[in-house]
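Report on the following structure.
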Amino acid sequence: MRCTDYKSALSYPLHPGFLTRTAAKLQTIAEQHSPMSEGQLSTYDKDVLKRIEDIEHLPEEDKAHLFYVIDNLIKAVKLKSIA
């Protein structure tokens, strides 16, 4: 049976264990494609990690402003290095 709209999909019975298997597959994919693993974090300067932690505790609006500035500074430095 094939579901063609979301209402019928919501009432469509799932095979037992489907969600568990799907979650496990998604976790495996995420781990394989993760840009950094736990071991890689230990190679960063402790001051850098502390700054990231401090940013993480800021209100969302402040974080957005900081990341905007950081992203643009990095972009400027990259452009300067290729010019």
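The values are calculated or read from the model by the stated rules, or taken from the named source; none is laboratory data. Computed from a predicted model, the values in this text were never measured in an experiment. All Cβ positions, glycine included, derive from the backbone under ideal geometry; neighbour counts span all protein chains shown.
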Exercise. Does the stretch 37-59 contain any residue that is exposed (fewer than 10 other Cβ atoms within 10 Å of the Cβ), modelled with pLDDT under 70 and of a type in the set (D, E, K, R)?
Worked result: yes
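Would you mind finding the one in 78, 46, 50, 63 that is basic (Lys, Arg) and under 17 Å from the mean Cα position of the chain (by Cα)? Before you say what the answer is, go through the steps one by one.
Working: 78 fails: under 17 Å from the mean Cα position of the chain (by Cα); 46 fails: under 17 Å from the mean Cα position of the chain (by Cα); 50 fails: under 17 Å from the mean Cα position of the chain (by Cα).
That would be 63, the only listed residue that is basic (Lys, Arg) and under 17 Å from the mean Cα position of the chain (by Cα).
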